[in-house]
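Structure first, then comments.
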Amino acid sequence: MKRSIMIWVISAIVYLGVVIASYSVYANINSKADEHTNHAANDQEEENMNHQNGHSMNMEGMDHSSMAMSHESATELKSSLGKNQLIFPKVLKPDYEDNNSISYTIRAQQGTSEIFDGTKTKTYGYNGDFLGPVIWVEKGMNVTIHLVNDLNEDTTFHWHGLEVPGNEDGGPHKVLKPGESETINFTIKQDAATLWFHPHPMHKTGKQVFKGLAGMLYIEDKNSEKLDIPKTYGEDDFPIILQDKTFTKDKQLDYEQVMNEDGTTGDTLLINGVVDPKLIVERKKVRLRMLNGSNMRSYTLHFDNDMEFHQVASDGGFLNKPTTTKEIEIAPSERAEVIVDLTKVKGNVITLVNEDNKKILPIHLKESQDHSQTTKKAKTLNDLTLSNEIKNKKVTKTIKLAGMGKDVTINDKKFNPNRIDFTQKQNNTEVWEVENVKDSMGGMTHPFHIHGTQFQVISIDGKEPPKNLSGLKDTISLKPGQKAKIAVKFTEKGVYMFHCHILEHEDNGMMGQIKVD
């Protein structure tokens, strides 16, 4: 008995010595402000975060410095089994159309979807049970949209990336209660782009997107129509809506059960609402219009044969020239259009994979055909400029993104619907500085989104942005400690939101308001 007690005492002393030594190393690495960090609390906090994400990390052998790396933790994604043919959202038929105007009806509704064979999953959708149709408009058109809320809860209709007056934007102020409807009108003034629409009710955005409310909006113009790029919808021009979900044992989308305050992730990837998708296509050049419609997960995508492809557009439209790359990173709410020349593929299958080499989309090629006449590389796509005058403008608005979970803030404040954080004059370009504040635990990536505008990135950490960020953007993803300068101009008047597009952060108040007059 005494020997057992002695062994226990010695073990305790050795363990205490290791803890003290580890703490000393940690304290030397970190600033004096962090010297009194409660490591036991950090352990518990990390454990709670892992539990919320539906999996636990192996804590054995983990030192404090590794715990200080980041708040982020994402559920491991399963590979696509490639069992189900990818389908594409229907193009919505207008209620009315002439040369200068077009009218649509959009309904938010609830229903059931057979995502898994033989199982009815309760879902939300626009004009259907799950996801939504593609809305097609042209630059210069006068657009009328009749909005109907057929849900059993409040919702809004937000036009992500669209430059519209503030009262048509569909932010948290524009709530439609169950059974209510509204008609909005606006004119398309921006160039060709791949945009999207989704709900934006306060505290419910994460849930409603997770359950299926998301659709795509295409703007076309004279330039896009004449470009020598794939543009036949569903044949060589494909929408790719990426969303990760976690389903319950009975194959339901129970958001409350899987929700994580720091961003909800899932183990099952859906593309256009299809589980275990595959794409069967002719061996030719194809255009993939990718939308990250996930609540929190970012995707870094490449092909399993490490082949090059060309990015031709970002959030707000075409880049000036195609950018050659082997991988592309897409943060929540971002869009990226890429062109892939499948005539260069050896074999009959090529697979789009993520950073963990999980299969995202197997692409099966039909019998080889001669498409030499349709595989020309477009050299010039756009003529965007960013003058030295704008680049050298003084910063007039500073944004500091900080915190985690329910404690997220922008400039140390949480969203207040009655508070205007900034003002700006219509058509006046200002330089905003956006910083992702790195904290004692490292912090996490924040995708920062501004409503009602498409901005241009001037610099990231004082350096010229990479070519894929040289186009128009409505979202910029910043890693902990990164700081960006962006040139922001609003072409319309009204009150607009700016916020983190991790949907749970947005729901927790990581959002502010700007009034444009």
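Here are the numbers for this structure:
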{"item": "Two-site label geometry, N416 and K463: point separation in nm, points 7 Å out along Cα→Cβ", "result": "3.9 nm"}
{"item": "Residue among P239, S224, P201 farthest towards the positive dipole end of the range 192-239, charges placed on Cβ", "result": "P201"}
{"item": "Under 5 Å, built H, 5+ apart or other chain: amide partners of H160", "result": "W196, F197, H198"}
{"item": "K406-E282 pseudo-label distance in nm [points 7 Å out on the Cα-to-Cβ vector]", "result": "5.7 nm"}
{"item": "For E138, distant residues with modelled amide H under 5 Å away", "result": "E220"}
{"item": "Placed amide H near D254: partners under 5 Å, 5+ positions off or other chain", "result": "T248"}
{"item": "R0 of 22 Å, Cβ-Cβ distance K391-Q426: FRET efficiency to nearest 0.05", "result": "0.50"}
{"item": "Surface per residue (accessible, 1.4 Å probe) for the range 284-375, Å²", "result": "38 Å²"}
{"item": "Pairwise FRET efficiency - D439 versus S79, Cβ, R0 = 41 Å, nearest 0.05", "result": "0.75"}
{"item": "For peptides 314-327, 381-394, 462-475, 499-512, sequence by mean Cβ density within 10 Å, most packed first", "result": "499-512, 314-327, 462-475, 381-394"}
{"item": "Only Lys, Arg (+1) and Asp, Glu (-1) charged, at Cβ; the range 189-279 dipole about Cα centre in debye", "result": "280 debye"}
{"item": "Accessible-area composition of the range 76-208, carbon plus sulfur, in percent [1.4 Å probe]", "result": "45 percent"}
{"item": "Karplus-derived 3J(HN,Hα), 6.51/-1.76/1.60, for each residue of the range 404-419, Hz, glycine and proline x", "result": "8, x, 7, 9, 6, 9, 10, 6, 6, 10, 9, 4, 10, x, 9, 10"}
{"item": "Cross-link reach list, aspartates and glutamates versus K414, counting only Cα pairs under 14 Å and skipping chain neighbours closer than eight places", "result": "E504, E506, D507"}
{"item": "Accessible surface of the range 463-517, 1.4 Å probe, proportion on carbon and sulfur as whole %", "result": "49 percent"}
{"item": "Alpha carbon centroid spacing (whole Å) that separates the range 393-458 from the range 140-219", "result": "22 Å"}
{"item": "Spherically averaged projected area of the range 261-351 from its Cα convex hull (nm²)", "result": "6.8 nm²"}
{"item": "Protein accessible area in the range 314-421, 1.4 Å probe - carbon and sulfur %", "result": "44 percent"}
{"item": "Spacing of the two label points (7 Å from each Cα toward its C-beta) at Y96 and K122, in nm", "result": "3.8 nm"}
{"item": "For the range 377-517, accessible area per residue (1.4 Å probe, heavy atoms of protein chains only), Å²", "result": "42 Å²"}
{"item": "The range 129-169 - accessible surface per residue (Å², probe 1.4 Å)", "result": "28 Å²"}
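The values are calculated or read from the model by the stated rules, or taken from the named source; none is laboratory data. Just so it is clear, the structure is predicted and the values come from calculations on it, not from any experiment. Here Cβ is always computed from backbone atoms with ideal geometry, including for glycine, and neighbour counts include all displayed protein chains. We work out accessible area using only protein heavy atoms, side chains counted, and drop any ligands, DNA or RNA first. Shrake-Rupley method; radii C 1.70, N 1.55, O 1.52, S 1.80 Å.
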